[in-house]
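Following: one structure in structure tokens, then a few remarks.
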Amino acid sequence: MEGSFKCAVPLVLFCGWFSGVHLKSPSCHEVRTAFQLRQIGPLKLVPDTPGRDGDLQICMHNEPTCCTKRMEERYQVVVRREVLQSIQFLSFELKYRIEKNGGAFQEAFKLLIHIATNHTNSMFKTGYRTMAKEASEVVKGLFTDISLYVLDLGASIEDVVLSFFDSLFPLVYNRLIHPGLSEVSVDYSECLRLTRQDINPFGSYPMKMAAELSRPLQAMKTLLQALNIGSEVINMTENVAFTRECTRALVKMEYCSHCHGLTLIKPCVAYCLNVMRGCLANIADIDPHWRDYISNLDELTSVIMGSRGVEQALLRVAPLVNEAILHAQLNGPEISTTVSKVCGQPQERPIATVLVSTVRTPATVNFKPQAVTQFANLTQRRRDFMNYIRRYRTFYASLAEQICEGELLPQDSSTCWSGKDVVESYTNRVVGNGLKEQVNNPEVKVRGPDPMVKQVIDKLLYINKMQHGKATKAAQWSLSEVGSGEGEDTESSGECDDEDGCTGSGSGAPGRQKNTYAPEDRWAKNKIFPAVAPTLRGAKMTSPSSSPSTTAHSKPGAAPNHCSPLSIAIITTLGLLCHWLL
């Protein structure tokens, strides 16, 4: 009798386990508990004991079940919420790092603009005291326009720099080239401003400044846009819409086991991958564009923090302006002659002070600004940021795997949920990532592209276009002039690539465009001063000792003293042809 009892105990335990696992549980207590803990809905929706509901559409089963149609409806709502929460959890730190570094770069740039503004104003106060007060407004306008450009709210850097020198010319002319002028009319100053590019008092320095500013500021502008777009992309993909087929597959994977009283069983890993890869098929197609995005961030931050980055470019404004003003002073007589022809003589009141010489050398200016410690700290921040974000290069390709990791079984587990029953292993084929791979997905039917994902890809492609678009005219001018020996204070870096707009060694034409660039509206001034503009545009000023009357470049209509390679080729060909005919 005692032996029979000992044998009966395991049998009773086995039968109890069998009834609990294989859908014969007399109670739905575990299901009610899970329903409450996961905040799926009111407990009144869960029956006390298993029954039959012929209206079930997802978790259909021939035997008694703890699920009802109302419970299925709640499961569909909750499962979407849970997957979105998983995506948000996985992308939270990535989005935080992107937004934090975007703010840090923007704040550092604002600080550098402030320092560069003070640095340039100090140059005027030290070397050009007579015009320092008036020049401060012009300098303020320059750096304000640069800030607006970087925020994508203003004109191009070429236009910004040319406009700055347009506004600077009346001050230089009235205070340095003709320091005896007390006050001139607004119309006269406007004439000087409008004809600055035709008179070309500052030589090649305006375009040189535009060239030095163009690439790093373009990189800063693109970086800030890229970081904003990165945050937008993550926000959009965090709120991806799930199709009806996907939602039903998720419910089947996560909650149909509950209907049988199996609230602790985990989905099979391969089964989870099929479901999640089907639901996130469109998201996975973002992967190659996201990889390009990360590479673009690396390139942009390298340009900004490099040896010719934003800091160096902005702090170079002061010395370049100083050199431009000195160039104008050294060519004062020729400039005065041209100005009198174009704008006439100003109505002036002599000032009762000792006048300085028409041509003078500015006082020595200290071009060593205060240390830009906050911007310098960005070097380490940039390194840490890129080291971190590179780990997210495969974020969208591996999103399904990351979500399924939360569903992984313990190593010693021998059973899992297959969507229909408890099994030892999932036997269906596991499909790959992306929309094209879902044709053979056994768990989810994927219909086609998601319009939201197309918008995301377009945003990422925009950054790629901004980063690898054509070089600006100022950058092309710089690359064609560096090392040519024609500009003032030029130096060759020895670095040149297609991205920077370089041309082959045999293309000499770009090198002739030294001072000819101007927006179309600026060319309209030729109609106002037709006799002067064609001759003076791009002309090289002579030294003060030269006589304007004997200088070919100062004579209206004088031909330039050079022939283009094309002209030489045409003349040579005609000569050979005539020789052959004769």
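For the reader, a short list of remarks on this structure follows.
- Region 212-290 shape via C-alpha gyration tensor axes, a/c threshold 1.5: prolate
- Figure note: MET276, MET60 ranked by solvent-accessible area, largest first, 1.4 Å probe, ligands and nucleic acids not counted: MET60, MET276.
- Surface accessible to a 1.4 Å probe, per residue, for the residues of region 239-317, Å²: 31 Å²
- For region 125-141, Karplus couplings with θ = phi - 60° (6.51, -1.76, 1.60), whole Hz, Gly/Pro x: 5, 7, x, 9, 4, 5, 10, 4, 5, 5, 5, 4, 5, 5, 5, 4, x
- Distance from the C-alpha centroid of region 247-269 to that of region 101-167: 62 Å, rounded to the whole angstrom.
- Sorted from longest to shortest, the spans of the Cα atoms of region 150-207 along the three principal axes equal 41, 23, 16 Å.
- Look at the alpha carbon pairs under 8 Å that are at least 6 residues apart: their mean separation over the length of region 107-189 gives a relative contact order of 23 percent.
- Whole-percent carbon and sulfur share, accessible surface of region 55-153, 1.4 Å: 51 percent
- Pairs beyond 22 Å (Cα-Cα), from LYS266/LYS436; LYS44/LYS266; LYS100/LYS459; LYS208/LYS459: LYS266/LYS436; LYS44/LYS266; LYS208/LYS459
- Carbon plus sulfur fraction of accessible area for region 174-323, probe 1.4 Å, in percent: 50 percent
- Counting only Cα atoms, the size of region 108-197 along its three principal axes is 43, 28, 17 Å, in decreasing order.
- The charge dipole of region 42-106, taken about the Cα centre with unit charges on the Cβ atoms of Lys, Arg (+1) and Asp, Glu (-1), comes to about 320 debye, rounded to the nearest 20.
- Stretchable slack from ASP48 to LEU264, in nm (0.36 nm times residue separation minus alpha-carbon distance): 75.9 nm
- Using a probe of 1.4 angstrom and keeping all protein chains present, the accessible surface of region 127-217 works out to 33 square angstrom per residue.
The values are calculated or read from the model by the stated rules, or taken from the named source; none is laboratory data. Note that this is a predicted model, so its numbers are computed, not measured. Neighbour counts are summed over all protein chains in view; Cβ atoms, including those assigned to glycine, are modelled from backbone coordinates with ideal geometry. The protein model used for the area step is the full one, side chains on, heavy atoms only, and it has no ligands, DNA or RNA in it. Shrake-Rupley method; radii C 1.70, N 1.55, O 1.52, S 1.80 Å.
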